[in-house]
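Chemist: One structure, pasted below without further comment.
The values are calculated or read from the model by the stated rules, or taken from the named source; none is laboratory data. This structure is a prediction, so every number in the text was calculated from the model and none was measured. Ideal geometry is used to build each Cβ from the backbone, glycine not excepted, and the neighbour counts take in all protein chains shown. Ligands, DNA and RNA are stripped out before the accessible areas are found, and what is left, the full protein with its side chains, is counted by its heavy atoms. Shrake-Rupley method; radii C 1.70, N 1.55, O 1.52, S 1.80 Å.
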Amino acid sequence: MTMSKSTQPTARKRMVIKLGGSMLAELTKDFFANFKRLQDAGYELILVHGGGPEINQELAANNVTSTVLNGIRVTSKEAVRIVQSTLIGQVNPALVHHLNREGIEAIGLSGYDGKLLSCSFLDEAVYGFVGEIQQVRSELIEKMLDVGLVPVISCIGSTTNGISLNINADTVASKIALSMCADSLLLVTDTPGIKIEGKVQHIASLTAISQWIESGEIYGGMLPKVKAALDCLGAGIPSVQIVGQQLLGTVIAHEEVLA
Ligand SMILES: Nc1ncnc2c1ncn2[C@@H]1O[C@H](COP(=O)(O)OP(=O)(O)O)[C@@H](O)[C@H]1O
Ligand SMILES: CC(=O)N[C@@H](CCC(=O)OP(=O)(O)O)C(=O)O
């Protein structure tokens, strides 16, 4: 039997979208419209969120200091408790509520739920309570997608003994994209892509990125993003972009694609 075009199932495409804490408080109508457009185009969407500014605020309110090394927060035992309560208790439900209010059926998860993100310590002596993801239970995410829910994942993982570990959200997004064999990864942040000498770079090769890291033109919070991008591209995810809220920004690609 041949199917007419209108009855053919749309090919499933999968996109992981990471929302930085830097722009969570100001999601616009345009953002939700773009989100729905992607859903209408047949994309299964998985959201991962950070919450850096919100965490900074809560740490300060509790007189807990922390430093950031290579874009990763050095997280004490005291700090991880606050990171966890901020992300799981405040940021995640606020985002899920916002999505639901915009007509997008969303479900909030952390790395604890269904043992979604099993971690070891990244390097306890250097970073403290920061996790390195060992396993993503992608089959749980599959089940949610199958029933039309958008998973909204916060960047808290745990060891097999139930110790909470803080993970950079860009890293979580890349690991989830890899484990779900996503077609694309979008890292949405407060700047419309990588800027060099003040100019947005619409396309960036892996070599150019390495040079910009070396020259210090890519620094701080942009470092885990480009690392996430390079990991995903290196493992065969076809499309990786660092973008602003309009979902436009820098496409990161292999040299041969750009040639
Ligand atoms: N080359 C660069 N281009 C743009 N932003 C950069 C660059 N290098 C470092 N940054 C910094 O990275 C920040 C984005 O990272 P971050 O603050 O961690 O955002 P998010 O909360 O979205 O993860 C930008 O606001 C900017 O200060
Ligand atoms: C280990 C580590 O760096 N964790 C991050 C988690 C939040 C995050 O990544 O938030 P953004 O996406 O807003 O940067 C932190 O504590 O800030």
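Chemist: In terms of solvent-accessible area of protein heavy atoms at a 1.4 angstrom probe, what is the ranking of 32, 121, highest value first?
Modeler: Descending order: 121, 32.
Chemist: Using the crude model of +1 on Lys and Arg Cβ and -1 on Asp and Glu Cβ, and no other charge, please compute the dipole size for region 1-149 relative to its Cα centre, in debye to 20.
Modeler: Values: 15 positive and 16 negative charges, 86 e Å.
Roughly 420 debye for region 1-149.
Chemist: Give the shape of the chain as rounded, prolate or oblate, defined through the alpha-carbon gyration tensor: a ≥ b ≥ c are the square roots of its eigenvalues, a/c under 1.5 means rounded, and otherwise the shape is prolate if a/b is larger than b/c and oblate if not.
Modeler: Oblate is the answer for the chain, as a/c is 1.5 or above yet b/c matches or exceeds a/b.
Chemist: Which residue, chosen from 41, 61, 90, occupies the Cα position most advanced towards the positive end of the dipole of the chain, where the dipole is computed from +1 (Lys, Arg) and -1 (Asp, Glu) charges on Cβ about the Cα centre?
Modeler: The listed residue farthest towards the positive side: 41.
Chemist: Filter the GluC sites (Glu not before Pro) in region 168-257 to those in DSSP coil with at most 10 other Cβ atoms within 10 Å of their Cβ, and list the result.
Modeler: Details: sites: 197, 214, 217, 255, 256; in loops: 197, 217.
Counting only loop positions with at most 10 other Cβ atoms within 10 Å, the GluC sites (Glu not before Pro) in region 168-257 are 197.
Chemist: Given a 1.4 angstrom probe, what's the average accessible area per residue across region 198-259, in square angstrom?
Modeler: 51 Å²
Chemist: Here's a follow-up. What's the ranking of 123-130, 164-171 by average number of surrounding C-beta atoms within 10 Å, highest first?
Modeler: Put in order of decreasing packing, that is 164-171, 123-130.
Chemist: State to the nearest 20 debye the size of the charge dipole of the chain about its Cα centre, where the only charges are +1 on K and R beta carbons and -1 on D and E beta carbons.
Modeler: The calculated dipole for the chain is roughly 460 debye.
Chemist: Further question on the same structure: What does the highest-first list of 176-184, 236-244 look like by mean Cβ count within 10 Å?
Modeler: Values: 176-184: 20.3, 236-244: 18.6.
Result, highest mean Cβ count within 10 Å first: 176-184, 236-244.
Chemist: Collect residues whose amide H, placed 1.01 Å from N in the peptide plane, falls under 5 Å from the amide H of residue 13; neighbours closer than 5 in sequence don't count.
Modeler: 44
Chemist: If you don't mind, another one. Suppose every K and R has +1 on its Cβ and every D and E has -1 on its Cβ; what is the size of the dipole of region 86-184 about the Cα centre, in Debye to the nearest 20? Each step should come with its number before you reach the end.
Modeler: Values: 5 positive and 11 negative charges, 38 e Å.
In total the dipole reaches around 180 debye.
Chemist: Separate question: Rounded if a/c is under 1.5, else prolate if a/b is larger than b/c, else oblate: which is region 102-210, with a ≥ b ≥ c the root eigenvalues of its Cα gyration tensor? Please list the in-between numbers first.
Modeler: Values: a/c = 2.16, a/b = 1.25, b/c = 1.74.
Oblate shape, in that a/c is at least 1.5 and b/c is the bigger or equal ratio.
Chemist: Another question, if that's okay. Could you please state, rounded to a whole Å, how far the C-alpha centre of region 59-98 is from the C-alpha centre of region 126-205?
Modeler: The distance from the Cα centre of region 59-98 to that of region 126-205 comes to 16 Å.
Chemist: Here's a follow-up. With respect to the cross-link table entries 29/77; 36/77; 36/195, which display a Cα-Cα separation exceeding 32 Å?
Modeler: Working: 29/77 38 Å; 36/77 39 Å; 36/195 28 Å.
The answer is 29/77; 36/77.
Chemist: Summarise the accessible area of region 117-259 (1.4 Å probe, protein heavy atoms) by the percent that is carbon and sulfur.
Modeler: Carbon with sulfur: 53 percent of the solvent-accessible area.
Chemist: For residue 175, give me every one of the lysines with a C-alpha distance below 17 angstrom, ignoring sequence neighbours fewer than eight places off in its own chain.
Modeler: Filter leaves 18, 115, 225, 227.
Chemist: Order these peptides, 94-100, 227-233, by their mean beta-carbon neighbour count within 10 angstrom, highest first.
Modeler: Per-residue Cβ counts within 10 Å, averaged per peptide and sorted highest first, yield 227-233, 94-100.
Chemist: Let me have the 222 nm mean residue ellipticity of the chain computed from DSSP H runs of 4+ only, each contributing -39500 (n - 2.57), with the sum over all residues rounded to the nearest 500. Don't skip to the answer; put the middle values down first.
Modeler: On the way: 11 runs with 97 residues, N = 259.
Helices in the chain give a 222 nm mean residue ellipticity of -10500 deg cm²/dmol.
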